[in-house]
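Notes for the one structure printed next.
Throughout, read-outs are computed from the coordinates displayed, never taken from laboratory work. The structure presented is a predicted model; accordingly, all values stated were derived computationally and were not measured. Here the Cβ positions follow ideal geometry from the backbone for every residue, glycine too, while neighbour counts run over all protein chains shown.
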2 protein chains.
Amino acid sequence: MTPTDRSGATPPSPRATVRRHPERAHYGLDTVHAILDEAIVSHVGFVVDGRPIVIPTLHARIGDTLYIHGSAAGRMLTTLAAGAEVCVTATLIDGLVLARSAMHHSINYRSVMLFGPTRVVTDREEKLRALEATVEHAVRGRSRDVRPPAEHELRATSVIALAIDEASAKVRAGGVVEDPADLALPVWAGVIPLSLTPGEPVTDDQGQVVPVPEYASSYRRSGTP
Amino acid sequence: MTPTDRSGATPPSPRATVRRHPERAHYGLDTVHAILDEAIVSHVGFVVDGRPIVIPTLHARIGDTLYIHGSAAGRMLTTLAAGAEVCVTATLIDGLVLARSAMHHSINYRSVMLFGPTRVVTDREEKLRALEATVEHAVRGRSRDVRPPAEHELRATSVIALAIDEASAKVRAGGVVEDPADLALPVWAGVIPLSLTPGEPVTDDQGQVVPVPEYASSYRRSGTP
């Protein structure tokens, strides 16, 4: 939407050039980690029979490793468990940028792309840590309350790991960028902020009802603590 | 996160099997359209040198055609303009599902995957309509207020089209699904709803200041009108 946007940062499609060299990334690993930690899902791209497939997936990060998981019998995990090349992209939408001209409209966003071959996690302890981290990724503080995975659940689940080394973060923030001639137009311009916002928790009434824990009643999505 | 989730709907990674046959899709075209219209960005997957690339991109829908655009000189548009096979995935996050066991945690979401070869839009009128639809996709009612694209802006921009025929929608909604034995656990369970929520518009002060239009002050993200 902003092919001629000249703001310092980079809008999504037009300038989202692929950077396979970490040293060329616009942002450091701290930014990469914070975006991955805040984004609930990422979009995992892989190639089957020469064609791309992109699937939304919960992820979790431990240090410099990203974990994703799924049914051991499923197509995605079967493909990734074989060490497929993936591109994992996580995107946070921060706002809509409304310029006075159509082509300078943009969005504020933060995005991370990771590349690399995947590794299937065979070590039982690493697998358990990755699954626990996934629960914590969704809701920090939750993992200590829940029943841990049973053996048959572990067997039915594959976990794959991706090293966070070929990473690129892209961020567009701030206000409108205009052609100077457009500033005189009698058109409102500005930013509509957007954020993924929690509502009131809805308690399940199937079993024991216990008080809503603070991690649910005060749920807040944020990056690296 | 829900390899053993037995809810009627399908969680993201574990069961997101690829359905290339529209007749097998779980939902009809109305659902596909509504999800595409509500999602601000989609993730576009394509293949370069045998490796997947996934880029977040603004899109717009007109009827049964999805449009994306970007710099004519950019890598994504250059690849797509050549008629590349793509997978375009749009995902809306509706909530976190907190079960009493780790492995039954899930998310409520709506997602669409589109497949197919792309077509570069060469017709000037179609290109203008697609760019106008992109502004309307971001903020309904906005396009009538803004300066339309100039010739040099049009030349610098490529628009590609994807027929919405090989489409698959997946939706998980509703509450917790548990193993019966877990219902007795003294653990809170339920759903934390999530939605992309607008904040107060921030008016740009570079040029003429005009009142905030209602489409910005009462901004609301929704599907097909």
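Can you give the calculated 222 nm mean residue ellipticity of the protein assembly as shown, where each DSSP H run of n ≥ 4 adds -39,500 (n - 2.57) and the sum is split over every residue, rounded to the nearest 500 deg cm²/dmol?
Calculated from helices alone, the mean residue ellipticity at 222 nm is -5000 deg cm²/dmol.
State the Kirkwood hydrodynamic radius of region A:34-106 in Å, one decimal place, computed from all pairs of distinct Cα atoms.
14.3 Å
Using the Cα centre of region A:28-163 as the reference point, and only Cβ charges (+1 on K/R, -1 on D/E), how large is the resulting charge dipole? Debye, rounded to the nearest 20.
It comes to approximately 240 debye.
Taking Cα atoms, how many degrees apart are the long axis of helix A:29-38 and the longest axis of chain A, rounded to 10 and kept between 0 and 90?
With both axes taken from Cα atoms, the answer is about 70 degrees.
In Å, what Kirkwood hydrodynamic radius results for region B:42-153 from the alpha-carbon pair distances?
Final number for the Kirkwood radius of region B:42-153 is 16.2 Å.
With no solvent and one point per C-alpha, what does the Debye sum give as log10 I(q)/I(0) for chain A at q = 0.11, 0.18 Å⁻¹?
Values returned for q = 0.11, 0.18 Å⁻¹ are -0.66, -1.31.
What is the helix-to-structure angle for B:124-138, meaning the angle in degrees between its Cα long axis and the longest Cα principal axis of chain B, kept from 0 to 90 and rounded to the nearest 10?
Between helix and principal axis, roughly 40 degrees.
In whole Å, how far is the Cα centre of region B:188-225 from that of region A:168-225?
So the separation of the two Cα centres works out to 10 Å.
Beyond 43 Å, what share of the Cα-Cα pairs of the protein assembly as shown is found? Please give it as a whole percent.
Above the 43 Å cut-off, the protein assembly as shown has 11 percent of its Cα pairs.
Return one quarter of the surface area of the convex hull spanned by the alpha-carbon atoms of region B:116-202, equal to its mean projected area, in nm².
11.2 nm²
Just to confirm my numbers, what's the Cα centroid distance between region A:119-164 and region A:26-82 in Å?
14 Å
Pick from B:R75, B:R140, B:R172: which is most flexible by mean-square fluctuation in a GNM of chain B where alpha carbon atoms under 10 Å apart are linked?
B:R75
Any idea which of A:P56, A:S195, A:L154 is furthest toward the positive side of the dipole for chain A, if Lys and Arg beta-carbons carry +1 and Asp and Glu beta-carbons -1?
Going by the charge dipole, the pick is A:P56.
Once you've got the GNM for chain A with C-alpha springs shorter than 10 Å, pick whichever of A:R51, A:R124, A:R155 has the biggest mean-square fluctuation.
Residue with maximal mean-square fluctuation among A:R51, A:R124, A:R155: A:R51.
Kirkwood-based Rg over Rh for region A:167-224 (C-alpha set), two decimals?
The Rg/Rh ratio comes out at 1.26.
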